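Report on the following structure.
The values are calculated or read from the model by the stated rules, or taken from the named source; none is laboratory data. As the structure is a prediction and not an experimental result, all values here were calculated from the model. With ideal geometry, Cβ positions are generated from the backbone for all residues, glycine too; neighbour counts draw on all protein chains shown. We work out accessible area using only protein heavy atoms, side chains counted, and drop any ligands, DNA or RNA first. Shrake-Rupley method; radii C 1.70, N 1.55, O 1.52, S 1.80 Å.
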Amino acid sequence: MNDYDNVASVSAFTEPLIDQLIDFRRELHRNPELSFAEHQTTQRIMKTLQAAGLSPQKMSDTGAFVDIGQGPIRIGFRADIDALPVLEETDLEYSSLVEGVAHACGHDIHTTVMLGVALALNNLNEAGLLAGRVRVIFQPAEEKLPGGALSVIEQGLLDEVPRVLALHCDPRIDAGHIGTRIGAITSASDTIRIEVNGRGGHTSRPHLTEDIVFAMSQIATQVPAVLGRKVDVRSAVSVVWGQIHAGSAPNAIPATGYLAGTMRCLDGDIWYEAGELLDNAVRQIAAPYGVEIKLQHTRGVPPVVNAPAETALIEDAARREFGADAIELTPQSMGGEDFAWMTQKIPGAMLRLGTRTPGGKTYDLHRGDYMPDESCIGIGVRIMTAAAMQAVGEHRTK
């Protein structure tokens, strides 16, 4: 038996924080900052923690972390704090004040939830109920591959942490529910840029030059098909182009152009193999057209792999606070997430936090009109606080 066993719910320690947290989130939403430029965001986080009597520490540039409680660290939590170069289109009274920058991926929610966890754990610690130490990390630059999680690791912030949890907004799940799964919950994600060069010429005489537009069209369509037949289909290697640029006149074959996109993969081992296959496929497809190829393949992140024990910890906390019906099995996402670097170093798990208003519109992430239901903040804080208390309690009873 530990002190936490006598607490029916952590809600008594989280609910009084909700109004403060919503105000904090809206202020964050008004003032988004891009990757590795989250200076004001870092200061807001630290000032709020300091006002509660905690002693946060700044990371080497942007980002911060704070320890709550005493003794060995029993668990860590991670929030990502950066925004996206996206124009906000919500018309909310607290819309972004920074032109062309918005929290369109919900990182303002992630940050607010983990801030709430730190504040709630501080209250529990002051009440004599936190029998151990918990670390909460506010990480910069999740949106900039290969991700700010690597700076967290390089600065040693996980060296004393035995396990780590995170969350991510999910606009497909109703607020009040979470999604979990054991194993890979996201995919590996790389960026690709292929520059194609030739001499250029007149469209009436393509045989006298290198037709880079035609070569680019073959690369665009054949590369995904070739990869789909060179690797196990269960790994779901996916190449999707987001940019194709060449030329300025309908009757002139341009001398240069480029394609850019992403390569995603559900399997971490196949991810490494697919990189070599991509290079070979591009060059073989382009060879008959005599063009020059410059391939820039930027390794992104591996899949986030949820460990069984840490996934169970999240689910136990959710059941305790909201009942079993609050938990859904979530499908593996083709999106990339740099929390993967942390789960490669220590056991961890990420939950999907429902942000859709029940019966309301289903939005998508990375869009300017994304509007999460703010009730999800209290849900996330309660579940993660309960998970922290359970993790600390498990060590106390051993």
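So how much slack lies between LYS294 and ALA236, counting 0.36 nm per residue of separation and subtracting their Cα-Cα distance, in nm?
Gain on stretching LYS294 to ALA236: 18.3 nm.
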Kirkwood-Stokes translational diffusion coefficient of the stretch 130-213, alpha-carbon pairs, 20 °C, 1.002 mPa s, µm²/s:
115
If you count, for each residue, the other Cβ atoms within 10 Å and average over each peptide, how do 380-387, 170-177, 153-160, 186-193 line up from highest to lowest?
380-387, 186-193, 170-177, 153-160
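Give me the percent of accessible area attributable to carbon and sulfur for the stretch 1-156, probe 1.4 angstrom.
48
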From the C-alpha coordinates alone, can you work out the Kirkwood hydrodynamic radius of the chain, in Å?
22.5
How much net charge surrounds GLU315 when only the other residues with a Cβ under 13 Å from the Cβ of GLU315 are counted, with Lys and Arg +1 and Asp and Glu -1?
-1
Over the chain, what relative contact order in percent results from Cα pairs under 8 Å that are six or more residues apart?
24
Expressed in whole Å with the largest first, what are the equivalent ellipsoid semi-axes of the stretch 25-122 derived from the C-alpha gyration tensor as the square root of 5 times each eigenvalue?
26, 13, 11
Per residue accessible area of the chain, 1.4 Å probe, in Å²:
41
Among SER235, GLY247, GLN222, which residue has its Cα positioned farthest towards the positive end of the charge dipole of the stretch 204-293, with +1 placed on the Cβ of Lys and Arg, -1 on the Cβ of Asp and Glu, and the dipole taken about the Cα centre?
GLY247
Between the stretch 321-336 and the stretch 209-232, what is the C-alpha centre distance in whole Å?
37
In the neighborhood of GLY368, defined by Cβ-to-Cβ distances under 10 Å, what is the net charge if each Lys or Arg adds +1 and each Asp or Glu adds -1?
-2
log₁₀ I(q)/I(0) of the stretch 243-288 at q = 0.17 Å⁻¹, via Debye over equal Cα point scatterers, no solvent, to two decimals?
-0.69
Within the stretch 377-397, backbone nitrogen closer than 11 Å to the virtual label 7 Å beyond the Cα of ALA8 toward Cβ:
none
Net +/- balance of residues flanking ILE185 in space, Cβ distance below 11 Å, scoring K and R +1, D and E -1
0
